[in-house]
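A.B. asks: Got a structure for you, questions after.
The values are calculated or read from the model by the stated rules, or taken from the named source; none is laboratory data. Predicted model, so just to flag it, every value in this text is computed and none were measured. Glycine also receives a Cβ, built like all others from the backbone with ideal geometry; neighbour counts cover every protein chain displayed.
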Amino acid sequence: MTVEPALEAVDLKVSFGAIKALDGVSLRVDAGQILSVIGPNGAGKSSLLNCLSGVYRPHSGRVLFHGRDITALAPHRRAALGVARTFQGIQSYASMTVRQNILAGFHCRMKTGLLDALLYWPRAQREEREFSARAEEIIEFLELEELRHTLVGELGYGLRKRVDLGRALALGPSVLVLDEPMAGMSVEEKADLARFVLDIRAAHNTPVILVEHDMEVVMDISDQVLVMEWGRAIALGAPAEVRIDARVINAYLGAEEP
Ligand SMILES: Nc1ncnc2c1ncn2[C@@H]1O[C@H](COP(=O)(O)OP(=O)(O)OP(=O)(O)O)[C@@H](O)[C@H]1O
Ligand SMILES: [Mg+2]
């Protein structure tokens, strides 16, 4: 029996007017794999992630989740399946505490609506207790204990990105899709975040797709690296292969600052 990849994209195409944001990109991740997407600004990395999570509908091509075609599924339906993502930039609510933000991440898993809450009060309470305990686990996992009651707006950028990850973890993801989770972070914060990603993978075998510009981190934690340029994949392979690919060196690594 063949095992279907956890998440697969087949020949995705997306255009905005004359711009081909994605011009036939494919990838697959299996359980326990970390795939990094790299490439210059405007290469189509976020567009690719948007197709995976359902924010963009590709003009052609397919997205498969464990072999099931989810190309037409709305983002919240994909999230309910366990496709969790964070966005480039900050997603957490500044005026809420760390704990409240992570609790808000559970919202799409809650079975109890308002009417249910009135009719089935015990169930609503049970659900709340369960989410509360799980939020606490995430807080501990991400080493945010001392900040659990701090307003997110008072945190630095790196910690806010960590809270964003916590919100994605609240989904109990079966695939994690992270758009520049380490952008704007200090070297130490990046190392912490890389460690959390590796720990998530170790604990749950969760495949992770992430966009990252820091080549050292990418080469360090990835099983596969997808290199994009102008909406196309110019290389896909293990870090050691990609690093010596002539097109990659020309297009991207060569353009890196010394
Ligand atoms: N919603 C949109 N409307 C119009 N153009 C878009 C939209 N989304 C992406 N594009 C265009 O598609 C191209 C790819 O953009 P995308 O955001 O996917 O790149 P990226 O690789 O994530 O870049 P960055 O590293 O700057 O985040 C760019 O030319 C961008 O301007
Ligand atoms: Mg982007």
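A.B. asks: Against the condition within 22 Å of Glu180 (Cα to Cα), touching a Phe, Trp or Tyr at 6+ places or on another chain (Cβ under 9 Å) and either within 13 Å of ligand 1 (Cβ to nearest atom) or basic (Lys, Arg) (or both), how does Leu7 come out, does it pass?
C.D. replies: Criteria not met by Leu7.
A.B. asks: Leu165 versus (1) farther than 15 Å from Ser222 by Cβ; (2) surrounded by fewer than 18 Cβ atoms within 10 Å (Cβ to Cβ): which is the lone unmet condition?
C.D. replies: The number of the failed condition is (2).
A.B. asks: Does region 226-245 contain at least one residue that is in contact (Cβ under 8 Å) with a residue 24 or more places away in the chain, crowded, with 16+ Cβ neighbours inside 10 Å, outside any helix (DSSP H, G or I) and away from ligand 1 (no atom under 16 Å from the Cβ)?
C.D. replies: Looking through region 226-245, none of the residues is in contact (Cβ under 8 Å) with a residue 24 or more places away in the chain, crowded, with 16+ Cβ neighbours inside 10 Å, outside any helix (DSSP H, G or I) and away from ligand 1 (no atom under 16 Å from the Cβ).
A.B. asks: Considering only residues that are within 18 Å of Leu176 (Cα to Cα) and within 10 Å of ligand 1 (Cβ to nearest atom), which ones fall in region 44-66? Full working, then the answer.
C.D. replies: First, the residues of region 44-66 that are within 18 Å of Leu176 (Cα to Cα): 45-56, 63-66.
Within region 44-66, Lys45, Ser46, Ser47, Leu48, Leu49, Asn50, Cys51, Val55, Tyr56 qualify.
A.B. asks: Please enumerate the residues belonging to region 1-57 that are surrounded by fewer than 23 Cβ atoms within 10 Å (Cβ to Cβ), farther than 29 Å from Phe196 by Cβ, of a type in the set (A, V, I, L, M, F, W, C) and within 16 Å of ligand 2 (Cβ to nearest atom).
C.D. replies: Residues satisfying the conditions are Val14, Phe16, Ile19.
A.B. asks: Given the conditions (1) without any contact (Cβ under 8 Å) to a residue 60 or more places away in the chain; (2) closer than 15 Å to Ser36 by Cα; (3) surrounded by fewer than 20 Cβ atoms within 10 Å (Cβ to Cβ); (4) more than 16 Å from ligand 2 (Cβ to nearest atom), which single one is not true for Asp214?
C.D. replies: Status for Asp214: all satisfied but (4).
A.B. asks: Consider Gly231 against the criteria (1) at pLDDT 95 or above; (2) more than 28 Å from Gly82 (Cα to Cα): it satisfies all of them except one. Which criterion is unmet?
C.D. replies: (2)
A.B. asks: While we're looking at this one, here's another question. Kindly evaluate Ile221 against the criterion of being within 16 Å of ligand 2 (Cβ to nearest atom) and buried (at least 19 other Cβ atoms within 10 Å of the Cβ).
C.D. replies: Here the answer is no, as Ile221 does not meet what is asked.
A.B. asks: Are any residues in region 135-177 over 20 Å from Ile209 (Cα atoms), in a helix (DSSP H, G or I) and small (Gly, Ala, Ser), and if so, which ones?
C.D. replies: Answer for region 135-177, where residues must be over 20 Å from Ile209 (Cα atoms), in a helix (DSSP H, G or I) and small (Gly, Ala, Ser): Ala135, Gly153.
A.B. asks: Continuing with the same structure: Which of the residues belonging to region 184-195 are under 19 Å from Gly89 (Cβ atoms) and in a helix (DSSP H, G or I)?
C.D. replies: Glu189, Lys190, Leu193
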